[in-house]
Amino acid sequence: MSDIKRMKLYRHPERVYNEINAVGHEEDALLKEKDIRSFDQYHYLGTDAVDDAIDCLKIGPQDRLVEIGSGLGGPARYLAEKTGCHVTAVEIQPDLNQIASSLTKRCGLSGLVEHSCGDILEFPEDSGNFDGAVSWLAILHIPNRSILFKKCRNILKPAGKIFIEDYYKLGEFSPREVEILCEDVQCPYLPTAQEYRRQLMENGFTDVEFEDKTECWSDFVRERLEKFIENRDRYAKLNGNEIADEMEDFYKKILQLFRKGNLGGARITAVKG
Ligand SMILES: C[S@@+](CC[C@H](N)C(=O)[O-])C[C@H]1O[C@@H](n2cnc3c(N)ncnc32)[C@H](O)[C@@H]1O
């Protein structure tokens, strides 16, 4: 946890407030979830990726979900707003969790989204009985898959489902790629698709479906960088040059990883066996 701030994406999470204020919302004013959904999602393809979870898990108002690594709370708020479900959003970084909580309150969604600050690996199992577990680009930070998947299994109801979007290993990483993954992405370990599947099954999941997303994620990270460079002046005016440099460097490194062809992206679903 102490090193997670080496990842530039997480260094200045308060920049989300600059974006919100810049589109005309007053400090601390009430918000609508739809007003902020283009700023508060830290994964790829925004709320489209959350819609896929809604379809896949058939999420409705009766459901209680846990989100692993909830960031600024964007996916959790969208899930709650769109379906009326209840989400426990677990986030290890206190500053992100605090911002997430304040945005949820401003969106009037605190009755449906509960923010819990801590390591998912230490999440109390007696708060369990969830219908589903969801996670976007967070598991890549958690090398101990056995503890993680056992935890998920233990907090899910019988036949509860897990929906994950995550990186995986397609080919052997070069020493430079390993360095970028460990340092800039805080991702010390990635399994192959086969290993991912096996780890879920060994820890009590069945019906594992593994859908490769590498091509569309590569396109997404390329377009993200192109758009960033196009709008860099505006971004630097809003957030300062130092933050603009950090974000550009981060986006470039992620694109570099996808271009090398050894980093894969996947959507994985499984059912508690
Ligand atoms: C790339 S962000 C994605 C955030 C959110 N899922 C989204 O899509 O907007 C991954 C998040 O996982 C969190 N995280 C990493 N390890 C964690 C752990 N062990 N327990 C809880 N959260 C964790 C990070 O702090 C980070 O906020």
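Pull up region 100-119, narrow it to residues that are part of a helix (DSSP H, G or I) and open to solvent by 10 Å² or more (accessible area, probe 1.4 Å), then point me to the one that is nearest to the ligand (Cβ to nearest atom). Even if it seems obvious, please write down each step before you answer.
Of the residues in region 100-119, the ones part of a helix (DSSP H, G or I) are 100-106.
In the following step, the residues that additionally are open to solvent by 10 Å² or more (accessible area, probe 1.4 Å) were identified as 101-102, 105-106.
Values: Ser101: 13, Ser102: 15, Lys105: 18, Arg106: 17 Å.
Ranking the qualifying residues of region 100-119, first place goes to Ser101.
Does Ala266 qualify as being under 20 Å from the mean Cα position of the chain (by Cα) and either crowded, with 19+ Cβ neighbours inside 10 Å or on the phi < 0 side of the Ramachandran plot (or both)?
yes
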- Does region 121-130 include one or more residues that are within 16 Å of the ligand (Cβ to nearest atom), in a helix (DSSP H, G or I) and open to solvent by 70 Å² or more (accessible area, probe 1.4 Å)? yes
- Query: Looking at region 2-89, what helices (runs of 4 or more DSSP H) fall wholly within it and have at least 1 residues that are touching a strand residue (DSSP E or B) at 6+ places or on another chain (Cβ under 7 Å) and more than 10 Å from the ligand (Cβ to nearest atom)?
  - Reply: 46-57, 74-83
- Item | Hits in region 68-98 (condition: within 23 Å of Ala29 (Cβ to Cβ) and surrounded by fewer than 22 Cβ atoms within 10 Å (Cβ to Cβ)) | Glu81, Lys82, Asp95, Gln98
- Across region 151-169, which residue is surrounded by the fewest Cβ atoms within 10 Å (Cβ to Cβ) among those that are more than 14 Å from the ligand (Cβ to nearest atom) and part of a helix (DSSP H, G or I)? Asn154
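For the subset of region 16-34 comprising residues that are buried (at least 16 other Cβ atoms within 10 Å of the Cβ) and not hydrophobic (A, V, I, L, M, F, W, C), which member is farthest from Leu140 (Cα to Cα)? Before the answer, list the steps.
Applying the first criterion (buried (at least 16 other Cβ atoms within 10 Å of the Cβ)) to region 16-34 yields 16-20, 25, 31, 33.
Among the residues that remain, those that are also not hydrophobic (A, V, I, L, M, F, W, C) are: 17-19, 25, 33.
Working: Tyr17: 26, Asn18: 28, Glu19: 27, His25: 34, Glu33: 27 Å.
So, considering only residues that are buried (at least 16 other Cβ atoms within 10 Å of the Cβ) and not hydrophobic (A, V, I, L, M, F, W, C), the one farthest from Leu140 (Cα to Cα) is His25.
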- Message: Just to be sure before I move on: is Leu140 open to solvent by less than 70 Å² (accessible area, probe 1.4 Å), near the ligand (Cβ under 10 Å from one of its atoms) and either at negative phi or charged (D, E, K, R) (or both) in the structure I sent?
- Response: yes
- Note on the structure: Matching residues in region 194-252 (more than 30 Å from Val271 (Cα to Cα), small (Gly, Ala, Ser) and assigned to a helix (DSSP H, G or I)) number 2
- Message: Checking Leu65 against (1) without any contact (Cβ under 8 Å) to a residue 12 or more places away in the chain; (2) open to solvent by less than 20 Å² (accessible area, probe 1.4 Å): exactly one of these is not met. Which one?
- Response: (1)
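The values are calculated or read from the model by the stated rules, or taken from the named source; none is laboratory data. As the structure is a computational prediction, the values presented were derived from the model and not from experiment. Methodologically, a virtual Cβ is constructed for each residue, glycine included, from the backbone with ideal geometry; neighbour enumeration extends over all protein chains shown. The accessibility values were calculated without ligands, DNA or RNA, using every heavy atom of the protein model including side chains. Shrake-Rupley method; radii C 1.70, N 1.55, O 1.52, S 1.80 Å.
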